[in-house]
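Here the structure comes first, spelled out in structure tokens, and everything after it is commentary.
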Amino acid sequence: MDSRCYRALVALGVGLLGCGAQVWASPTAPGVMPTPQTLSPRTFELQLQSHGIQVLQAAEAWHQLGVQVGVTPDLEIGFDYRLGAPQDSYPNRVYRTELLGYDPRREGWERSWMNLKYQILRETPRRPAVAVGLLSLNARGNSGYYVVAGKHLGAWSLALGYADAYGDDDAFWYEVLTYTTDDGGRVVAEHCSGGRFSTNVAYEHRFNARWRAAAGWMFANNGLYDSEPLLRLTYTDGW
């Protein structure tokens, strides 16, 4: 393994053991919801993310470590592995079983899954970028999908997406508005018409070309889920 990749894995592992965070990788995005941008070829991202509202992949997800990899200029894949059992935060067993697509008390909790993003149109001065993605692949429960288009306008960018994130035919629209500061930081606001949260706000600070950290708040869509802080540490490198 390349020494830079090894150091990043060690750093993220120590962070996980030290803070007890709930972590998982997700398609590259400034906040939570995916945007059409993909990683460059031979580039990877390691993500350490903590929040209480389980979104996009593996609804029961707690304590995970994941990596996203740029395969081609248009293709990105990710792998996620959960460490330990999740917190049992669902209101009742019947609802949880219906939501997940399987009964974890009988079959065990999902431990690993994959995601994929493919950019079918690249952004030009007159045309937005467009990407499609698959979520929770190779998982025991339901898989999901999304389609998203996005355009940069100076320091601003806007993305509009449509997702059935949980594979339960409960699809929803979402919007992502991002402002990039002069020092490379990003202010992010997201809104979803359905799913498990309604609005997310976050600020991502760029320490250098490899390390970024984000902090924000996620507002739940209904009383079944708590509104929660969003924390994320990201390491990006190549090989």
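Taken together, the values in this text are just the output of simple stated rules run on the coordinates, not laboratory data. The structure presented is a predicted model; accordingly, all values stated were derived computationally and were not measured. Note that we place each Cβ from the backbone using ideal geometry, even for glycine, and neighbour counts take in every protein chain shown.
Placing R0 at 30 angstrom, the Cβ-Cβ distance between residue 81 and residue 40 gives a FRET efficiency of 0.80 after rounding to 0.05. Other residues within the sphere of radius under 15 Å centred on the Cβ of residue 150, judged by their own Cβ, net out at +1 (K and R +1, D and E -1).
In this simple spin-label approximation, residue 162 and residue 239 carry label points 7 Å from Cα along the Cα→Cβ vector, and these lie 3.7 nm apart. Near the amide H of residue 123, within less than 5 Å, lie the amide hydrogens of 129, all on another chain or at least 5 residues away, with H placed in the peptide plane. Label sites at residue 124 and residue 153, each approximated as a point 7 angstrom past Cα along Cα to Cβ, lie 2.0 nm apart.
Quick check: residue separation of residue 170 and residue 205 times 0.36 nm, minus the Cα distance between them. What number comes out in nm?
That pair, residue 170 and residue 205, stretches by 9.3 nm at full extension.
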